[in-house]
Amino acid sequence: MRYLEAIRDPRDVRALPAEKLPELAREIRAFLVEKVSATGGHLGPNLGVVELSIALHRVFRSPEDAIIWDTGHQAYVHKILTGRAADFDSLRQEDGISGYPSRSESPHDIVENSHASTALSYADGLAKAWQQRGLLGEQHVVAVIGDGALTGGMAWEALNNIATGERPVVIVVNDNARSYSPTIGGLAHHLNSLRTAPNYEKVMGWGKRVLLRTPVVGPPVFDALHGMKKGVKDVVAPQGMFEDLGLKYVGPVNGHDEAEVEFALSRARDFEAPVIVHVITHKGQGYAPAEADEADRFHGVGVIDPETGLPISAAGRSWTKAFSDELVSIGRVRPDVVAITAAMLGPTGLDQFAQEFPTRIFDVGIAEQHAATSAAGLAYGGMHPVVALYATFLNRAFDQVLMDCALHKAGVTFVLDRAGITGDDGASHNGVWDMSMLQIVPGLQIAAPRDESTLKQALREAVDINDAPSVVRFSKGAVPQDIPALAREGCVDILARHANPEVCIVAIGSFAQLGIDVCEGLKAQGIGAQVLDPRWVKPIPQYVLEQSAKATLVVVIEDGIRAGGVGAALSQALRDSDVDVPLRNFGSPLAFLDHAKRDSILAEFGLTAQAITRSITEWMASNEPGEIVDDSITQER
Ligand SMILES: Cc1ncc(C[n+]2csc(CCOP(=O)(O)OP(=O)(O)O)c2C)c(N)n1
């Protein structure tokens, strides 16, 4: 790691002679494989942007120039080049470096939101601010966006503004033809045609060689380059969509030829108008197991053997697989059921459905808003769409769920994977908002299954709801052993009940076992309790209301933010029925959570059997019914 070790700062990258850069790139790839295989993380995307990241830091002067990474999962090389290589053993670990850019880590990091398709809007706003302050021109704004993220609507809203041409912004399209799996849609076809037009590439190569020999730099050369490209492109490649939008286009550029990328970027930097630089890269480049992985080129990996790329420990049966199997079974008997993914066919488990029902699956790109409204259209047309998303990404589509689905009484089922605290991926990946955000959607129903059996049942019940949107939400990781109910009342499962249940524990979804453990703990303290799993948490089931009304204390345990969550909804429903029973709810605080292991975060928030039992025991002790002392008289005068 001769060259890598010497890099403390982007200035060191700029100081390296060009002929040393291929070796630096090799060292970075070896480093990425070694470190990410030990911690887990986004390997394939980062292997693909090694030369691009080097070139960016040689052409632009970060942090004075802003390099904004869309989604941010591909910013590891940027972290390495900005002085954080030594921290990579702690990647995604508690108190270690984040798997995404992070402002608290470095002034070189600007956007830490891992939700895709935002970089161009940030870039547009930043360019406007710097223009207002007279900085633009001296400082450059660069956004790096993948072809996948470019399928998101926000990216196009931003392009529409950037294309006014009033401010220079360099937009680097990192085109590896993939999101997780191959990127879909008209845009992908367009990029593909730019990439693969053989004559075009040949002529472009010639043009570049000629221009590289030209000593003049700056706009005149760019103009020549660009003018020539436009002429050539009109002949041999389809009409440039970007140019039709009013954006200058440079490319396609071989993203693994550092010199070529550097050349294109420096021309774009000096052009003083918005430019798209189309860079072709390969996800997983230089690491055979990733290159050979058809599914997603090692987009994200757990801990793996660096030699073979195989996982170190076998994962148990996951919630995702349980959902995946059940949806296929449902699909066999319900020809009206179709499925929608927002560029996450494999990760959401819809791949199996796609295999069996290839005409009933729709990959809409990274476009959750469109997914929701398109689903409403499908429902209107007589189908029952199942939209499978990670919980955090539904946030994008709130208005579409509210107005396009709920207001229109559309029978659409949203399946939210990775709901609740997920941990490793940090603030923006925790799925803690859905149960609060969706509380205010009229008519929408939410199920939070506790195990595989209740997941299957909830999914079947959800696809039977054809006059309102429904949601089935479950956690990340392994699905627990089935937790049998003692009895069922309405939709509510009774999981445990003492003879004299003073405390009514309402345990939501994956916290069912936690509720049972608390109940046991209370028994040991001589406190009678019962555990209810509502299964359907919105609307609050009647039986939960009745049992809560009889209790001395109601306890709600939910894997989501407490603000506006199920506990808050139950509390309001009780007050609305003039029941003033005390209620305590346990869940996430209203905060953005740093990355750490899920268990560690749960412990920090007191979401353990011990902590909850202690808290209830203390409450019961201090609220023991005793002699009521009316001290109002003694306090007077
Ligand atoms: C709004 C949103 N939906 C889904 C995702 C999940 N996701 C993370 S990366 C990714 C694919 C990104 O593809 P691309 O932008 O081409 O980057 P690449 O990984 O190919 O470099 C997706 C769908 C996300 N981050 N944000």
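Taken together, the residues in segment 123-160 that are open to solvent by 20 Å² or more (accessible area, probe 1.4 Å), touching a Leu at 6+ places or on another chain (Cβ under 7 Å) and not hydrophobic (A, V, I, L, M, F, W, C) amount to 1. Pairs linking a residue in segment 542-563 that is farther than 15 Å from Ile494 by Cβ to a residue that is of a type in the set (Phe, Trp, Tyr) and open to solvent by less than 10 Å² (accessible area, probe 1.4 Å), with Cβ atoms under 7 Å and 6 or more positions apart or on different chains, are Ile557/Phe511; Glu558/Phe511; Asp559/Phe511.
The residues of segment 438-472 that are touching a helix residue (DSSP H, G or I) at 6+ places or on another chain (Cβ under 6 Å) and over 23 Å from Tyr380 (Cβ atoms), listed by number, are Gln439, Ala447, Ala448, Pro449, Arg450, Glu452, Leu455, Lys456.
Answer yes or no: is there a residue in segment 505-525 that is modelled with pLDDT of 95 or more, of a type in the set (D, E, K, R) and touching a helix residue (DSSP H, G or I) at 6+ places or on another chain (Cβ under 6 Å).
Narrowing segment 505-525 to residues modelled with pLDDT of 95 or more: 505-525.
Right, trim to of a type in the set (D, E, K, R) and you get 517, 520, 523.
So of that shortlist, the ones also touching a helix residue (DSSP H, G or I) at 6+ places or on another chain (Cβ under 6 Å) come out as 517.
Yes, that holds for at least one residue.
Filtering segment 268-286 for residues that are open to solvent by less than 10 Å² (accessible area, probe 1.4 Å), under 18 Å from Leu43 (Cβ atoms) and within 16 Å of the ligand (Cβ to nearest atom) leaves a non-empty set.
Conditions tested, residue by residue: (1) in contact with a Pro (Cβ under 8 Å, 6 or more places away or on another chain); (2) open to solvent by less than 20 Å² (accessible area, probe 1.4 Å); (3) part of a loop (DSSP other than H, G, I, E, B).
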| position | (1), (2), (3) |
| --- | --- |
| Gln439 | no, no, no |
| Pro449 | no, yes, yes |
| Thr454 | no, yes, no |
| Ala468 | no, yes, yes |
| Ser475 | no, yes, yes |
| Gln481 | no, no, yes |
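Taking segment 457-466 as the range and being open to solvent by 10 Å² or more (accessible area, probe 1.4 Å) and within 16 Å of Gly443 (Cβ to Cβ) as the test, the residues that pass are Glu461, Asp464, Ile465, Asn466.
Between Glu294, Glu326, Glu243, which is among the acidic types (Asp, Glu), under 25 Å from the mean Cα position of the chain (by Cα) and modelled with pLDDT under 95? Show your work before the answer.
On the way: Glu326 fails: modelled with pLDDT under 95; Glu243 fails: under 25 Å from the mean Cα position of the chain (by Cα).
Checking each option against the conditions leaves just Glu294.
Just name the residue that is surrounded by the most Cβ atoms within 10 Å (Cβ to Cβ) out of those in segment 325-342 that are small (Gly, Ala, Ser) and in contact with a strand residue (DSSP E or B) (Cβ under 9 Å, 6 or more places away or on another chain). The qualifying residue surrounded by the most Cβ atoms within 10 Å (Cβ to Cβ) is Ala342.
Applying the selection to segment 569-625, what residues are buried (at least 18 other Cβ atoms within 10 Å of the Cβ), hydrophobic (A, V, I, L, M, F, W, C) and more than 26 Å from Pro541 (Cα to Cα)? Listed by number, the residues that qualify are Leu593, Ala596, Ile601, Leu602.
Checked against the criterion of being within 22 Å of Gly300 (Cβ to Cβ) and away from the ligand (no atom under 11 Å from the Cβ), the candidates Gly316, Gly365, Gly381 yield just one match: Gly316. Asn395 passes every criterion in (1) touching a helix residue (DSSP H, G or I) at 6+ places or on another chain (Cβ under 9 Å); (2) away from the ligand (no atom under 15 Å from the Cβ); (3) of a type in the set (S, T, N, Q) apart from (2).
Return the residues of segment 118-151 that are of a type in the set (A, V, I, L, M, F, W, C) and either within 12 Å of the ligand (Cβ to nearest atom) or in contact (Cβ under 8 Å) with a residue 40 or more places away in the chain (or both); say none if nothing qualifies.
Of the residues in segment 118-151, the ones of a type in the set (A, V, I, L, M, F, W, C) are 119-120, 123, 126-127, 129-130, 135-136, 141-145, 149-150.
Result: Ala119, Leu120, Ala123, Leu126, Ala127, Val141, Val142, Ala143, Val144, Ile145, Ala149, Leu150.
Looking across segment 177-196 at every residue that is open to solvent by 10 Å² or more (accessible area, probe 1.4 Å) and touching a strand residue (DSSP E or B) at 6+ places or on another chain (Cβ under 7 Å), the one that is farthest from the ligand (Cβ to nearest atom) is identified as Arg195. The set of residues from segment 161-176 being away from the ligand (no atom under 16 Å from the Cβ), open to solvent by 10 Å² or more (accessible area, probe 1.4 Å) and either touching a residue at least 60 places away in the same chain (Cβ under 8 Å) or part of a strand (DSSP E or B) (or both) comprises Ala163, Thr164, Gly165, Arg167, Pro168.
The values are calculated or read from the model by the stated rules, or taken from the named source; none is laboratory data. These figures come from a predicted structure and were not determined experimentally. All Cβ positions, glycine included, derive from the backbone under ideal geometry; neighbour counts span all protein chains shown. Quick note on the areas: whole protein, heavy atoms, side chains included, nothing else; ligands and nucleic acids left out. Shrake-Rupley method; radii C 1.70, N 1.55, O 1.52, S 1.80 Å.
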